[in-house]
Amino acid sequence: MGIKIAVIQFPGANCDLDTIHVIKNVIHIDVDLVWHNYFKESKYDGVILPGGFSFGDYLRGGIIAAHSPAIDEAKIMLKDGRPVIGICNGCQILAEAQFIPGAFLHNESLKFICKWVNLKVENNNTAFSNKMNVGDVLALPIAHAEGRYFTDNIKELEDNNQIVFRYSTKQGELTDDANPNGSLGNIAGICNLEQNCIGLMPHPERASEKILSPKGTEHGKLFFNSMIEFIKKRAS
Amino acid sequence: MALQEFIVEVIITNKEKARDPTGETIKRDLLAKKGYKMVSNVRSGQYLRFNVNSENEERAKNIVEDLLNKLRIFNPVTQNFKILKLQKES
């Protein structure tokens, strides 16, 4: 049996088809687009919550979707160690569902920010980063209004190695200038203790093909290939 | 016992530790520039108003506190909530 991934479609999602495209046509893995009310985990080796504006971002980005039946199904996958990935709005959903620690506030500028940023890899043991090296600097775009990471206990996250990605300069320095949204500790992506659930604000699905990248990079592929590698290792 | 309708008003604000750019901007770019230097701090928040059918005021308040917590209407990681006012619908 081949590997099969699910991408969950919430009302207001808008990166769902981009994510499907990359998994199907760039990574060449079987993938289904599944409406959130119909999602059943048993058929899938991994799940991705894509970017967008689920339920119009009413109340807070991700909070309404966090109560969807799809999240109950994803929780089963989370518990048995299958990869559960959230990109952008999907990342906010994971935080609101308490799959990953912390929360995402409105950007410090209060503006929607859409631009390419540099991302430094801090932990390469996770289900979404195992094809990278610690210290690698990757080029990815962000596109969000609520991406300012906040937590009460950053020390605990550091001690548990739960910070996966940070915004950095091209040289990998963690400066304020390189931090697009005011995130605590320049945090761009975090994981759960078991490292099978990762949420990140930047968009790997928009950075997986040379034609979409201003510098001709395709760093986004590393994320999806990491997910596949994680699934293969789990099976063996 | 017949149920009565109560109004429960809730205000949700970010914790002090989390910066509030809306409040900061109002203070820095409006109040300070227009002569309201006596205003030392502004914090923004979110207002919610619940019409609740219940036996009494205390019960109406408990229902709202319960739903705020259980459904994470406020995010305890970053926010606090306060019940502003509780009154009978007239």
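What the table below lists for this structure:
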read-out	value
First in region A:51-73 and more than 11 Å from chain B (Cβ to nearest Cβ) and of a type in the set (A, V, I, L, M, F, W, C), second anywhere and assigned to a loop (DSSP other than H, G, I, E, B) and buried (at least 21 other Cβ atoms within 10 Å of the Cβ), Cβ under 7 Å, 6 or more apart	A:Phe55/A:Phe10; A:Ala65/A:Phe10; A:Ala70/A:Phe39; A:Ile71/A:Ala97
Qualifying residue in region A:206-221 (condition: under 29 Å from A:Gly81 (Cβ atoms) and within 14 Å of another protein chain (Cβ to nearest Cβ))	no
Residue ID - farthest from the chain's Cα centre (by Cα), chosen from residues in region A:108-154 that are within 14 Å of chain B (Cβ to nearest Cβ) and either in a helix (DSSP H, G or I) or among the basic types (Lys, Arg) (or both)	A:Lys111
Selection count where residues are of a type in the set (Val, Ile, Thr) and within 19 Å of A:Glu156 (Cβ to Cβ), scope region A:84-128	2
Any hit, region B:49-62, residues being surrounded by fewer than 15 Cβ atoms within 10 Å (Cβ to Cβ), in contact with a Gly (Cβ under 8 Å, 6 or more places away or on another chain) and within 28 Å of A:Ala65 (Cβ to Cβ)	no
Residue within region A:9-17 that is of a type in the set (A, V, I, L, M) and either within 14 Å of chain B (Cβ to nearest Cβ) or in a helix (DSSP H, G or I) (or both) present	yes
Condition check for A:Glu194: surrounded by fewer than 21 Cβ atoms within 10 Å (Cβ to Cβ) and either part of a helix (DSSP H, G or I) or on the phi < 0 side of the Ramachandran plot (or both)	yes
Total residues in region B:17-57, condition charged (D, E, K, R), closer than 23 Å to B:Pro76 by Cα and touching a residue at least 12 places away in the same chain (Cβ under 8 Å)	4
Residue selected from region B:69-83 under the condition in a loop (DSSP other than H, G, I, E, B) and over 10 Å from the mean Cα position of the chain (by Cα), by the criterion farthest from the other protein chains (Cβ to nearest Cβ)	B:Pro76
Of all residues in region A:41-100 being assigned to a helix (DSSP H, G or I) and among the basic types (Lys, Arg), the one that is surrounded by the most Cβ atoms within 10 Å (Cβ to Cβ)	A:Lys75
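Read-outs: derived from the displayed coordinates by stated rules, not from any lab. Every value quoted in this text rests on a predicted model; they were computed, and no experiment measured them. Positions of Cβ are backbone-derived with ideal geometry, glycine not excepted, and every protein chain shown enters the neighbour counts.
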